[in-house]
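Here is the structure we will look at, set down as structure tokens.
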Amino acid sequence: KSKRSSHLEHACDTVDGGYQCNSKLSHKWGQYAPYFSLSDESAISDEVPHDCQITFAQVISRHGARFPSAKKSKEYAKLVKSIKANATEYKGNTEFIRSYNYTMGADDLVPFGVNQMVNSGTKFYQRYAALAKKAVPFIRSSGSQRVVASGVNFVNGFQKAKSNDKNANHRQSSPKISVIISEEPGTNNTLNHSKICPKFEDSKLSDEVEEQFMAIFVPPIRARLEANLPGIQLQDTDVVNLMDICPFDTVSRSDDGSKLSPFCALFTQAEWSQYDYLQSLSKYYGYGAGNPLGPTQGV
């Protein structure tokens, strides 16, 4: 095999497999885990039932991997700065913090996220090639910069796959983002829950459930970190923020996510499973059926 084909087989992020590097760890990052395909044992079949054919396909996608939100990025930067200012010693695997500089931006796609969306467009074309080879898809996007950029790169992946298909209609125009839905106040955007349902947005149920579970699994982690970093005092939310930095720092370090952040090693495999469950609680009681207004919001 050529070096190139061998490299592609072992790449961290691929069209078919998604993100598979450090899977025992990275697949436990909750909503911050980069897209990954399920293993063969647990995968849901995508076979079309006998005597059926696909006549229409629609995908709803989030944006690709990004920097933290502006609010979160400020919190993370402040936390790292505080640790470096107050720690009198760096024990165990915390030594890297001594020279670590927080340089992540806010909100925008990282190069890894750009590649994700190109892969997404490629995979969409390949899966639905029977339709896509003779059609120009209609694409819409919400107005935030990272979502528009995600749509553009999805189109790039789709069109590149189509151009490589000798059976496709190459006389058709390239797809484009036909509609951008504004997120500005006062616009008729039914996907923007913060503007159309303030009671839903103001719900504290998710925060309360998260606090209850953090009180169970975070204290031992906090005690270990404080013992390894004499001079610092952490809140439960600080510990979770340090865990958050791991996936964000990882996807911003390289185009394929192959360079694992040193923050990841501060926590055990069992603790990452607890973190993953915390994020599931957050979404279930924040946006899903665990929130009384969740089903209403879905409708």
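The values are calculated or read from the model by the stated rules, or taken from the named source; none is laboratory data. None of the values given here were measured: they were computed from a predicted structure. With ideal geometry, Cβ positions are generated from the backbone for all residues, glycine too; neighbour counts draw on all protein chains shown. Each accessible area value is taken on the protein alone, full model and side chains, heavy atoms only, with ligands, DNA and RNA left out. Shrake-Rupley method; radii C 1.70, N 1.55, O 1.52, S 1.80 Å.
At-a-glance table
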read-out: Only listed residue being closer than 30 Å to Leu266 by Cα, in a helix (DSSP H, G or I) and modelled with pLDDT of 95 or more, chosen from Thr122, Thr88, Thr94; value: Thr94
read-out: Test: residue in the stretch 272-290 that is of a type in the set (D, E, K, R), assigned to a helix (DSSP H, G or I) and under 24 Å from Ala70 (Cβ atoms); value: yes
read-out: Criterion violated by Thr190 - all others in (1) modelled with pLDDT under 90; (2) of a type in the set (Ser, Thr, Tyr); (3) surrounded by 14 or more Cβ atoms within 10 Å (Cβ to Cβ) satisfied; value: (3)
read-out: Elements of type helices (runs of 4 or more DSSP H) contained in the stretch 159-262, each with 2 or more residues being within 30 Å of Tyr275 (Cβ to Cβ) and of a type in the set (A, V, I, L, M); value: 205-228, 236-253
read-out: Selected residue (criterion: farthest from Ala130 (Cα to Cα)) from residues of the stretch 44-83 that are open to solvent by less than 100 Å² (accessible area, probe 1.4 Å) and of a type in the set (Ser, Thr, Tyr); value: Ser82
read-out: Single residue of Ser150, Ser99, Ser174 found to be polar (S, T, N, Q) and open to solvent by 70 Å² or more (accessible area, probe 1.4 Å); value: Ser99
read-out: Among the residues listed as Ala129, Ala135, Ala106, the single one being over 28 Å from Glu183 (Cα atoms), of a type in the set (A, V, I, L, M) and modelled with pLDDT of 95 or more; value: Ala129
